[in-house]
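The values are calculated or read from the model by the stated rules, or taken from the named source; none is laboratory data. Quantities reported herein were computed from a predicted structural model and do not represent experimental measurements. Glycine also receives a Cβ, built like all others from the backbone with ideal geometry; neighbour counts cover every protein chain displayed.
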């Protein structure tokens, strides 16, 4: 169950949002009394309420906005219990001074905005001893391992426990709480009005992650990277899971470089069966595999991991997806189905994991590949490993390519006014492929069209590689058109 927090300054707005949320399917809401301007009228807020409520009145030190005295706050919480609210949230230091009364259930809570303490179990036991119906622990997630610690606490607790790691590192704990046994998790009314770091909206939790469908048997998949908030992979994969009625969820995991090893050890304990891999981990994970697909020997970068029988198997779907997208463009460009890029010059911009995969594939089909990266040392290393040419980034216009492939993030949202290749160097005979998919129509592609180039968007490559990953994850063919449609809706209408 999702508990949706409502924090508005006026009673009528709080009441209106409560009714709206219930009409959208919410089963439980939290009324944040500390946000009300002026005197709180409990009877008005609770009269004819359309769903059960959690009454919370948070002090500033606990992340709230209560402006009054502590005596007034305690009186308000006691009054809520006397009114017969379904739940009341009591911080650990005041729980002893507010006795149980009637049918109101007691949520005994503690918030730590700095860290996830080492002695979680000890803290939990103390909160549970305070006549708790539910224990709530909200701590700052500073490492991905904190998610496993808080979710394990939920799973192993005899007292129903709501456990949350705050911050973007802690987002998985909010999504997976129900799978591990939490009675509910928290969401906000709207994604622009979060009440705690890393909090998702009710719409996101409901429409993207299908939270209320998750259970102990739900298989976990996800994407790892740093940063990861921009990734649209969860929207695409979760839509496909829902369409095919697969009991699985796809979760974004922000994993800083220094925590990658620990995260891979934690993955099976989180019931992770497969992962997509993005910047900056594609090359690093390729060195940590138990089993590697044969293409990885030449590419040296993995974007897909499977966890099975205690082993990690790695694949690269970037190469196949990119070549598949290019093959269609080549046939269109030359006007015949058997056209290839053999003996054509391909300028690959970038030297990361995607560039490695695409340059490898291009070289394998006989193209003359030239690497140009913003970090010259990485570009030289990549060119050496593939036995192809390289040019300095500032000299990239000295190459006269038939194909340009952008594998840098230049032009990615929100930096949509940037391009890695100047318009004046584009020629109608070129094929221009931009692996950036958000926005679909990058400045590079817009300018390439204006110069009558044949263009390939990152959306096509993204959908192809996502389909290949989905097949690896589930053994089933995903609904490709659905994947494409939800991706395009997420990044907005095409603009040419």
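Summary table
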item	result
Residue within the range 194-217 that is under 9 Å from the mean Cα position of the chain (by Cα) and free of Cβ contacts under 8 Å to residues at least 60 places away in the same chain present	no
Selection count where residues are in contact with a helix residue (DSSP H, G or I) (Cβ under 9 Å, 6 or more places away or on another chain) and farther than 22 Å from residue 410 by Cα, scope the range 369-388	4
Among (1) crowded, with 19+ Cβ neighbours inside 10 Å; (2) part of a loop (DSSP other than H, G, I, E, B) - the single one residue 21 does not satisfy	(2)
Single unsatisfied condition, residue 151 versus (1) closer than 30 Å to residue 78 by Cα; (2) buried (at least 22 other Cβ atoms within 10 Å of the Cβ)	(1)
Some residue of the range 454-465 being in the same structural domain as residue 354 (by TED's automatic domain parsing), in a helix (DSSP H, G or I), over 30 Å from residue 273 (Cβ atoms) and in contact with a helix residue (DSSP H, G or I) (Cβ under 6 Å, 6 or more places away or on another chain)	no
Filter result for the condition that a residue is crowded, with 23+ Cβ neighbours inside 10 Å, outside any loop (DSSP other than H, G, I, E, B) and touching a residue at least 12 places away in the same chain (Cβ under 8 Å), over 444, 482, 487	444
Subset of the range 213-228 [surrounded by fewer than 18 Cβ atoms within 10 Å (Cβ to Cβ) and under 12 Å from residue 278 (Cβ atoms)]	227
Positions within the range 382-399 being in a loop (DSSP other than H, G, I, E, B) and touching a residue at least 40 places away in the same chain (Cβ under 8 Å), in sequence order	399
So residue 409, is it part of a loop (DSSP other than H, G, I, E, B) and touching a helix residue (DSSP H, G or I) at 6+ places or on another chain (Cβ under 9 Å)	no
Single residue of the range 306-330 satisfying the filter (touching a residue at least 40 places away in the same chain (Cβ under 8 Å) and within 17 Å of residue 281 (Cα to Cα)) that is farthest from the chain's Cα centre (by Cα)	319
Subset of the range 386-398 [over 16 Å from residue 362 (Cα atoms) and surrounded by fewer than 18 Cβ atoms within 10 Å (Cβ to Cβ)]	392, 393, 394, 395, 397, 398
The range 239-252, subset more than 11 Å from the chain's Cα centre (by Cα) and outside any loop (DSSP other than H, G, I, E, B), residue surrounded by the fewest Cβ atoms within 10 Å (Cβ to Cβ)	243
Hits in the range 323-348 (condition: buried (at least 19 other Cβ atoms within 10 Å of the Cβ) and within 21 Å of residue 463 (Cα to Cα))	323, 325, 326, 329, 330, 348
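Yes/no per residue for (1) within 15 Å of residue 308 (Cβ to Cβ); (2) at pLDDT 95 or above:
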| residue | (1), (2) |
| --- | --- |
| 257 | no, yes |
| 260 | no, yes |
| 265 | no, yes |
| 270 | yes, yes |
| 273 | yes, yes |
| 293 | yes, no |
